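**Student:** Supplied in C-alpha cells, the structure appears directly below.
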C-alpha cells in the first residue's frame, strides 16, 4: 500500500491501551532476524484491547498473527495490513487443580516449568517446544513423544470480528503439526489436563529433554526450529542428510551441520536466501527419495520484488 493508505489505516484505529506501530521492523521479532516490515503492528495490552480493534477493523484489511517468531520466516517484501503480536498481556499462567491454564502469549517452556513447580506432570514435553502457547495450540506442537492434542482441555479464540468462542479438542480436528482452526481465528488462551506427579521426577524428565535438545540442535543460533515436518514413518533430517544437503549454503543461509532439519542465518542471509535454500533441499530430497517434504516453518508476507509494506 502507499504511504497515504498506511496513514488512513493507522488513523482508522480506535484508541488502544497497547502499541500501534506503523512500518514496524519485523526482523527483530523473528528468530531468523531477517525479513521486511509490517504495514501496521499491534501489540494489544489485553483481551479487551484486541477485541476492540477487531470490532473496528475494516473487513478488507488482512490480519496476520505472530508470537515470538520461533518458527517464522518473514519475507523480505514485508506484510500488508495489520500484524498482531500477543505479548505480556497474554502470558498469565495459573493452576486450577490438575488443570494448567495459560495465555496465548505464554512461552511453552514457562508453562512446563510452572506445572513442574506445582507438582503436575504431563506437560514436560513443552520444555522442548520453542514458541508460545497460541502457536502450539494452533499447530498441534509436540516433542519427545507428546503433542498438544494429548493434553488440551479447551481453548478460547476470537475471530476477526471480535467474537470470542470456546473450542473443544474435537473442534480442532488435530493431526500431525496441524489443526482445522480457521486462519482468521486468534487463540487467546488454553487449558491443559495434567496429573499429580513427583516434582523431582518431573524436573529430571525436563532436564533430559533440555539436554537432548542442546546436544542435537543448533540452539543459540539464528534459526527457526524444525524446517520440515517429518513424513509419516520417516525423519526429515535423515532424508535431508541422505540427499547430501548437510552444510549446504546460499550466502549466509546454511543447512545446519549439527541438525540438518534446521536452517541457520549466519548473519546476512535474507528471507529469500533461506526460502530458496529450503526449496533446494526439498528438490534434492525429492530427487533422492521421492519424498515431498512439507515446510513446518511458517512463512508470511511477500517477496521483496513485489514491493514492501
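The values are calculated or read from the model by the stated rules, or taken from the named source; none is laboratory data. Please read these numbers as outputs of a predicted model, since none were measured by experiment. Please note: Cβ atoms are built from the backbone with ideal geometry, for glycine as well, and neighbour counts cover all protein chains shown.
**Student:** Could you please tell me which pairs satisfy a Cβ distance under 7 Å, a separation of 6+ or placement on different chains, a first residue in the range 212-239 that is touching a residue at least 24 places away in the same chain (Cβ under 8 Å), and a second residue that is assigned to a helix (DSSP H, G or I) and surrounded by fewer than 21 Cβ atoms within 10 Å (Cβ to Cβ)?
**Tutor:** 239/289
**Student:** Now a separate question. Just the residues that are surrounded by 18 or more Cβ atoms within 10 Å (Cβ to Cβ), without any contact (Cβ under 8 Å) to a residue 60 or more places away in the chain and either on the phi > 0 side of the Ramachandran plot or in a loop (DSSP other than H, G, I, E, B) (or both), please, taken from the range 92-114.
**Tutor:** If the condition is that a residue be surrounded by 18 or more Cβ atoms within 10 Å (Cβ to Cβ), without any contact (Cβ under 8 Å) to a residue 60 or more places away in the chain and either on the phi > 0 side of the Ramachandran plot or in a loop (DSSP other than H, G, I, E, B) (or both), then 105, 106 are the ones that fit.
**Student:** Among the residues of the range 257-281, write down those that are assigned to a helix (DSSP H, G or I) and over 23 Å from residue 138 (Cβ atoms).
**Tutor:** Correct list: 272, 273, 276, 277, 279, 280, 281.
**Student:** Go through (1) surrounded by fewer than 20 Cβ atoms within 10 Å (Cβ to Cβ); (2) within 20 Å of the chain's Cα centre (by Cα) one by one and return the number of the condition residue 238 breaks.
**Tutor:** Evaluating residue 238 over (1) surrounded by fewer than 20 Cβ atoms within 10 Å (Cβ to Cβ); (2) within 20 Å of the chain's Cα centre (by Cα) leaves (2) as the failure.
**Student:** Right, something else. Take residue 61 and decide whether it is touching a residue at least 40 places away in the same chain (Cβ under 8 Å), surrounded by fewer than 18 Cβ atoms within 10 Å (Cβ to Cβ) and over 24 Å from residue 45 (Cβ atoms). Steps first, answer last, please.
**Tutor:** Working: touching a residue at least 40 places away in the same chain (Cβ under 8 Å): yes; surrounded by fewer than 18 Cβ atoms within 10 Å (Cβ to Cβ): yes; over 24 Å from residue 45 (Cβ atoms): no.
The answer is no for residue 61.
**Student:** Has the range 42-54 got at least one residue that is within 30 Å of residue 267 (Cα to Cα) and at pLDDT 95 or above? Please lay out each step first, then the result.
**Tutor:** The first filter runs over the range 42-54 and keeps only residues within 30 Å of residue 267 (Cα to Cα), leaving 42-43.
When the remaining residues are screened for being at pLDDT 95 or above, the result is 42-43.
Checked against the condition, which is being within 30 Å of residue 267 (Cα to Cα) and at pLDDT 95 or above, the range 42-54 yields at least one hit.
**Student:** Further question: Provide a single number: the residues in the range 18-48 that are within 28 Å of residue 163 (Cβ to Cβ) and either in contact with a strand residue (DSSP E or B) (Cβ under 9 Å, 6 or more places away or on another chain) or crowded, with 21+ Cβ neighbours inside 10 Å (or both).
**Tutor:** So the answer is 17.
**Student:** Does residue 225 satisfy the condition of being buried (at least 16 other Cβ atoms within 10 Å of the Cβ), outside the structural domain of residue 63 (by TED's automatic domain parsing) and within 30 Å of residue 50 (Cα to Cα)?
**Tutor:** Yes: the conditions hold for residue 225.
**Student:** I'd like the residue in the range 274-309 that is free of Cβ contacts under 8 Å to residues at least 40 places away in the same chain and in contact with a strand residue (DSSP E or B) (Cβ under 8 Å, 6 or more places away or on another chain) and, out of all such residues, is surrounded by the most Cβ atoms within 10 Å (Cβ to Cβ).
**Tutor:** Result: 277.
**Student:** May I pose another question? If residue 147 meets every condition in (1) out of contact with any strand residue (DSSP E or B) (no Cβ under 9 Å at 6 or more places or on another chain); (2) at pLDDT 95 or above; (3) loosely packed, with under 15 Cβ neighbours inside 10 Å apart from one, which number is that one?
**Tutor:** If we test residue 147 against (1) out of contact with any strand residue (DSSP E or B) (no Cβ under 9 Å at 6 or more places or on another chain); (2) at pLDDT 95 or above; (3) loosely packed, with under 15 Cβ neighbours inside 10 Å, just (3) comes out false.
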